[in-house]
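Report on the structure given below.
None of the figures in this text is laboratory data; all of them are computed from the coordinates on show. Note that this is a predicted model, so its numbers are computed, not measured. Glycine also receives a Cβ, built like all others from the backbone with ideal geometry; neighbour counts cover every protein chain displayed.
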Amino acid sequence: MFLRALTFMLGLWVSALPLAAQSFDDLLTRLPQGSFSDRATVVSALAATGDLRAAAVLDALGAGELHVRPSDGALLRVTGRGTNLRGTDVLTGDAVEVAPRSTEAVRVNNSLRRTVRAAMGVLTLRDPDPMRRLNAAEAAFRAPDPEQLEAIDLALDAEDDARVRAALIQARATTILRGDAPVAERVEAVETIRERSPRVVIAALAPYRADTQPEVAEAAADAVATAERTLQLWSQAQNVWFGLSLGSVLLLAAVGLAITFGVMGVINMAHGELVMLGAYTTFVVQNAIRVHAPHLFDWSLLIAAPLAFGFAGLVGVAIERGIVRHLYGRPLETLLATWGVSLILQQAVRSAFGPNNREVGNPSWMSGAFEIGQLTITWNRLWIVVFALVVFAVLMFVMRRTPIGLQMRAVTQNRAMAGNMGIRTSWVDAMTFGLGAGIAGLAGVALSQIDNVSPNLGQNYIVDSFMVVVFGGAGNIWGTLAAAFSLGIVNKFLEPYAGAVLAKIVILVAIILFIQKRPRGLFAVKGRAVEA
Amino acid sequence: MTLVRTLLGASTLAALLSTTAAAQTETIKVGILHSLSGTMAISETTLKDVMLMLIEEQNKKGGVLGMQLEPVVVDPASDWPMFAEKARELIEVNEVAAVFGAWTSVSRKSVLPVFEELNSILFYPVQYEGQESQRNVFYTGAAPNQQAIPAVDYLMNEEGVERWYLAGTDYVYPRTTNQILEAYLKSKGVADEDIIVNYTPFGHSDWQTIVSEINSFGSAGKKTAVVSTINGDANVPFYIELGNQGISAEDIPVVAFSVGEEELAGLDTGPLVGHLAAWNYFMSIDTPENEEFITAWHDFIGNEDRVTNDPMEAHYIGFNMWVKAVEAAGTTDTDPVIDAMIGVAVPNLTGGISSMGANHHITKPVFVGEIQADGQFEVVWETPGLVLGDEWSDHLPESADLIADWRAPLSCGNFNVATGSCGGAIQ
């Protein structure tokens with residue numbers, strides 16, 4: 001079978017050789033000229049010549065590195081920028097001297113890149129590397145061209161890799177559907193495509209709902225309707241996941257505040273800036289790693305986390321010792337003073353690092369996504385959910401099971417009595433505030449992965465954090481957890497209907513009404529501690 | 001004894017200083033009104049620096065009218081009412097000849113009455129929503145017909161886009177631009193169900209729902225594009241989410257009007273390659289003027305990694321136009337300079353000559369660029385010639401009949417050609 005295909009290809013190749021050789025050079029000279037659509041025609045024609053040299057030309061073109069030398073019309077692959085340019089002749093692969101501005105780039109845009117991808121697909125359908133064959137089959141599926149049907153059939157005959165075969169069968173189906181095959185074959189093609197994931201089915205079949213052959217149109221409409229129903233169901237699961245993910249961000253931002261505001265009752269307006277300091281710590285750590293130990297880059301966040309905790313915690317202790325402790329029992333003054341601190345911290349960071357965003361990279365294990373059914377889950381969001389829950393669990397452990405946690409609870413419940421029992425209440429105050437600040441720093445490490453690292457980072461979270469803590473019930477850390485996730489999920493269910501702006505307003509109004517009814521939040525702290 | 005000697009020395013020094021100052025003749029003061037702190041500092045600080053550079057260079061060439069220029073920098077701190085206060089301070093206290101500044105539309109609207117009342121000149125360097133022409137303001141940034149409409153044309157004609165997702169931040173520039181774009185797309189025969197308009201709050205960071213909505217909107221078998229008027233900081237999480245959810249530019253391209261080289265500097269651009277931006281200038285455009293400008297900028301700022309962007313070019317053009325107009329008028333007085341400004345033509349950085357129109361907007365080329373892996377843009381399309389900014393959009397019914405012409409005898413910013421009267425619409 002394979003042998004037959006090979007001889008056929010060879011025969012085709014030999015018989016077409018003189019014509020192809022002539023027009024190949026001719027096509028090459030036409031490639032840099034004209035508009036993008038002219039160029040697309042040339043690209044398809046180049047691929048159709050079957051000349052193996054075309055692959056190198058198209059590869060360079062697709063990468064945006066194909067240049068033409070106006071003096072003699074030679075095509076070069078040029079890499080590098082400015083004065084540091086390296087050139088190779090695309091046809092021979094020889095290195096060529098390139099002076100700046102002596103060549104002109106052959107411009108590519110997205111649609112031309114798609115054409116190149118499809119054309120490369122045709123050229124690489126018989127590539128020895130199965131990965132490239134798979135890509136080629138995918139490309140043929142996305143950009144079906146009835147003229148390639150024969151090439152696909154030949155490739156299918158020769159293919160022995162199961163995955164590539166499956167992809168080729170799909171590609172064959174879209175190609176048949178695009179052409180003018182008999183009704184039965186086209187309906188069969190629709191049935192083949194149906195097996196793919198709903199989103200692909202809709203993209204591939206939606207245009208055929210208005211097909212001239214009623215049987216095809218009916219089959220396509222049915223397939224699209226089924227796919228849409230499936231997606232509809234999955235979108236509910238999607239909303240829950242998005243909600244959990246938003247909730248985890250809210251939880252991270254708020255849980256530190258649940259300590260300083262919820263447990264200690266200090267209105268700390270600089271909380272957001274402590275988060276921002278955590279994010280900048282991550283930036284500094286990543287920078288140091290990039291310079292001194294690039295192989296540790298994937299570990300940068302784990303290295304940054306304790307440092308961010310420590311640094312933000314120290315700043316927190318300094319704020320408590322320096323300012324907040326003089327203002328206990330005077331909430332309005334505390335609010336104003338800490339707001340001042342927040343402005344100072346912002347401008348300090350702006351002076352030190354500049355007003356621009358700083359680039360914090362995603363380690364490889366936080367990039368990309370995977371799919372469960374029709375649910376796309378991005379790795380960075382998943383890890384942030386995990387991180388938030390771990391931070392929460394550790395915090396609960398510290399508060400419930402360690403001596404310092406016991407002292408913290410004792411001091412907040414009854415300061416005088418705790419003092420009489422020999423607890424250094426002022427020291428415990430500083431530690432509690434430092435703990436809350438340190439957790440804010442940890443939140444900064446996580447937020448650096450999904451948001452801008454800029455001096456304004458903290459401002460965006462301060463209102464949300466207070467909202468979560470108040471809604472959950474000040475003083476109750478479990479309440480913060482419940483509030484963060486319920487607000488996240490409600491927000492994400494509202495967003496598709498109401499839009500992001502309105503969803504936020506609706507939630508704010510709902511919280512105001514809720515607080516009217518239950519001023520102490522979702523889970524009110526009960527008992528004698530309330531009066532203390 | 002020592003005290004007396006010190007005092008004596010100090011007073012001689014003071015006398016010496018005052019004589020040199022007097023000998024140096026007077027200077028012309030130029031106001032720079034850009035936020036150096038607060039949320040907008042991220043974009044505006046660079047413009048302050050580029051103005052200082054331009055003024056320094058002009059002084060090396062001998063200044064203007066034989067006098068040296070003196071920059072007066074104030075910091076309105078991203079606070080809109082403060083812009084008005086600082087503008088007043090520049091004009092009344094410092095007596096500047098012209099002001100270069102403002103970024104957001106709100107800040108421009110807040111200083112307009114001040115410039116009108118005190119009769120001074122403002123050069124506004126940022127792309128904006130149009131629907132305005134004021135006698136004291138020269139708009140050197142793009143109007144919608146110099147950015148948004150050509151970009152949409154490009155996507156429609158070259159990429160064959162049929163479905164449109166218009167995503168913007170919820171304030172005046174995106175709302176007006178999207179209104180114009182929606183009207184324009186419908187006039188081109190795009191159906192209602194093929195357009196979605198979506199607004200998000202400032203600094204929006206959770207894009208999961210919207211990106212997944214874009215994904216399903218874009219997989220209905222018709223070529224789809226996103227037109228983004230998302231502002232400032234919200235762009236970074238938006239592009240990160242796009243990249244993570246695997247939406248590539250070849251499938252659903254995003255064309256942005258607020259993302260330039262400066263914004264990309266804080267981003268890992270790998271996943272963004274192929275997404276588009278429309279501007280009147282790109283740092284990558286290869287002309288001798290641009291190369292000279294970039295070298296001068298790097299020398300001035302002392303950092304080879306700093307990028308240049310579109311609003312910087314707008315200040316470059318605006319400043320050179322002002323210098324030329326002042327020299328033509330022979331004075332820095334407001335009224336003669338405003339009259340001399342119209343028709344002034346100076347080279348821009350992309351190899352053309354920009355000129356000031358009677359509507360106080362300038363002619364510019366429009367470029368569509370694709371993001372490259374190194375954070376620069378590769379131009380994939382440009383308008384055949386220069387385009388004059390259209391202050392009153394022809395695509396909206398309420399402004400279709402309005403024009404601005406500040407030449408005598410018309411001298412009107414909103415002349416209604418249908419009724420033949422000035423003051424055709426609300427400013």
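In summary, the lysines within cross-link reach of residue A:517, defined as a Cα separation below 28 angstrom excluding same-chain residues under 8 places away, comprise A:492, A:504, A:526. Highest mean packing first, where packing is the average number of other Cβ atoms within 10 Å per residue, the peptides A:256-262, A:437-443, A:513-519 line up as A:437-443, A:256-262, A:513-519. Secondary-structure-derived ellipticity at 222 nm for chain B, considering helices only, amounts to -12000 deg cm²/dmol, per-run term -39500 (n - 2.57) for DSSP H runs with n ≥ 4.
Proximity of backbone amide H atoms, modeled 1.01 Å from N, is registered between residue B:284 and B:377 at under 5 Å, excluding neighbours fewer than 5 places apart on the same chain.
Rounded to the nearest Hz, the phi-derived 3J(HN,Hα) couplings of the range A:160-171 under the Karplus curve 6.51 cos²θ - 1.76 cosθ + 1.60 (θ = phi - 60°) are 10, 7, 4, 5, 5, 4, 4, 5, 5, 4, 4, 4, where x marks glycine and proline.
Residue by residue through B:208-220, how many Cβ atoms from other chains fall within 10 Å of the Cβ on average?
Values: counts 13, 15, 4, 2, 7, 3, 0, 2, 8, 0, 2, 10, 7.
Average neighbour count from other chains, rounded to a whole number: 6.
Among the trypsin sites (Lys or Arg not before Pro) within the range A:311-376, which fall in a DSSP loop and have no more than 10 other Cβ atoms within 10 Å of their own Cβ?
Working: sites: A:321, A:325, A:350, A:358; in loops: none.
Listed in order of number, the matching sites amount to none.
Within 10 Å of the Cβ of each residue in A:454-466, the mean number of Cβ atoms contributed by other protein chains is 3. Reported to the nearest whole Å, the Cα centre-to-centre distance from the range B:189-208 to the range A:410-456 is 40. With a Cα cut-off of under 23 Å and a minimum spacing of 8 residues unless on different chains, the lysine pairs in chain B number 19.
Annotation for the range A:65-106 versus the range A:315-376: alpha-carbon center distance of 48 Å.
Specify, per residue and in Å³, the volume enclosed by the convex hull of the alpha carbon atoms belonging to chain B. Can you show the working numbers first?
Details: hull volume 68.0 nm³, N = 427.
Hull volume normalised by residue count: 159 Å³.
Taking amide H as placed 1.01 Å from N in the peptide plane, residue B:344 has its amide H under 5 Å from the amide H of B:356, each at least 5 places away in sequence or on another chain. Quick one: helix B:105-118 against the long Cα principal axis of chain B, what's the angle to the nearest 10°, folded into 0 to 90? Helix B:105-118 sits roughly 40 degrees off the main axis of chain B. Note on the range A:162-222 and the range B:55-105: Cα centroid distance 65 Å, given to the nearest whole angstrom.
Please give the peptides B:190-200, A:92-102 ranked by average Cβ packing (other Cβ atoms within 10 Å per residue), highest first, as a rough proxy for protection. Could the numbers behind the result be given before it?
Working: B:190-200: 16.2, A:92-102: 11.9.
Result, highest mean first: B:190-200, A:92-102.
Each residue of the range A:209-223 was assigned a 3J(HN,Hα) from its phi angle through the Karplus curve 6.51 cos²θ - 1.76 cosθ + 1.60 (θ = phi - 60°); the sequence is 5, 10, 5, 6, 8, x, 5, 5, 4, 5, 4, 5, 4, 4, 4 Hz, with glycine and proline shown as x. Restrict the search to the range B:177-261; then list the trypsin sites (Lys or Arg not before Pro) that DSSP places in a loop and that have at most 12 other Cβ atoms within 10 Å of their Cβ. Those satisfying the criteria are B:188. Rounded to the nearest 10 degrees, the inclination of helix A:130-142 to the longest alpha-carbon principal axis of chain A is 90 degrees.
Using C-alpha pairs under 8 Å with a sequence gap of at least 6, the mean separation divided by the residue count of chain A gives a relative contact order of 15 percent.
The shape of the range A:332-488 comes out oblate: with a ≥ b ≥ c from the C-alpha gyration tensor, a/c is at least 1.5 while a/b does not beat b/c. So what's the angle, to the nearest 10 degrees on a 0 to 90 scale, between helix A:149-158 and the longest Cα principal axis of chain A? So the inclination is approximately 80 degrees. Each peptide in A:241-253, B:303-315, A:153-165 receives the mean, over its residues, of other Cβ atoms within 10 Å, and ordering these scores from highest gives A:241-253, B:303-315, A:153-165. Between residue B:256 and B:228, B:276, B:277, B:278, the built amide H atoms are under 5 Å apart, and every one of these is 5 or more places off in sequence or on another chain. Averaged over the residues of A:104-116, the number of partner chain Cβ atoms lying within 10 Å of the residue Cβ comes to 5. With Cα atoms as the point set, the radius of gyration and Dmax of the protein assembly as shown evaluate to 31.9, 115 Å. Ellipticity at 222 nm from helices only: DSSP H runs of n ≥ 4 in chain A, each -39500 (n - 2.57), divided by the residue count, give -23000 deg cm²/dmol.
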